[in-house]
Amino acid sequence: MGSLRNGAGLQIGAVASRSGLTVDAIRFYEKQGLLAKLSRTAGGFRVYTEPDVERLNFVSRAQALGFSLGEIRELLLLRDAGGETCSHVHDLLDEKLTAIREKIAELRKLERQLKEATMRCSRELAKECAGSCPVIDEITRSGKAGKEVS
């Protein structure tokens, strides 16, 4: 599939090639309402325009920056509305940075817990432990008490 013969638009395969997205991703974004309703050929093929390709590229880049589809939808509304949007986008970026910082803190905590568990395992392996694994025992106990492994 490529450009339509009459030059009226692009078929999905050509859009996938130009955007670097898969055909399935393009269809998914369409179902999510990130593209306007597309016209179709007499044969039922979707017809995409240059603005559609640009919009898909915007969606892809925004997703690569960690924005959710809901946030991307909001960014698209702001972009489409034109006018003064910087303060609103700034607020969205602040929210995204806060969420990322919280996730980093959670990952650091998880890293510490895993390092401690690895050290406990290493100590037991050095003793050539024949019993049960202390980390498995602790995970079992913490699950019953509703506590995290530390």
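Please treat every number below as a calculation from the coordinates, not as lab data. The shown structure was predicted, so the numbers you read here are calculated from the model rather than taken from an experiment. Please note: Cβ atoms are built from the backbone with ideal geometry, for glycine as well, and neighbour counts cover all protein chains shown.
Observations on the model:
- Cα-centred dipole magnitude for the stretch 12-67, charges only on beta-carbon of K, R (+1) and D, E (-1), debye, nearest 20: 120 debye
- With all projection directions averaged, the alpha carbon convex hull of the chain covers 15.1 nm².
- For the chain, relative contact order (Cα pairs under 8 Å, six or more residues apart, normalised by length) works out to 13 percent.
- When the charge dipole of the chain is built from unit charges on Cβ atoms (+1 for Lys and Arg, -1 for Asp and Glu) and taken about the Cα centre, the candidate among Leu21, Asn57, Ala42 whose Cα reaches farthest toward its positive end is Ala42.
- Computed over the chain with a Gaussian network model linking Cα atoms closer than 10 Å, the most mobile of Glu138, Glu106, Glu30 is Glu138.
- J(HN,Hα) series, the stretch 22-29, from Karplus relation 6.51 cos²θ - 1.76 cosθ + 1.60, nearest Hz, glycine and proline x: 7, 4, 4, 5, 4, 4, 4, 4
- Most mobile of Lys103, Lys31, Lys127 in a GNM of the chain (Cα contacts under 10 Å): Lys127
- Taking other Cβ atoms within 10 Å as a rough exposure proxy, Cys133, Cys86 sort from fewest to most as Cys86, Cys133.
- Simple point charges give the picture: +1 on the Cβ of Lys and Arg, -1 on the Cβ of Asp and Glu, and for the chain a dipole about the Cα centre of about 400 debye.
- Relative contact order for the stretch 12-67, counting Cα pairs under 8 Å that sit 6 or more residues apart, in percent: 33 percent
- Most fluctuating residue given options Gly33, Gly82, Gly66, as computed from a GNM of the chain linking Cα atoms under 10 Å: Gly82
- Cα pair distances exceeding 18 angstrom across the stretch 76-122, given as percent: 56 percent
- Residues whose placed amide H lies under 5 Å from that of Gly9, excluding near-sequence neighbours: Leu4
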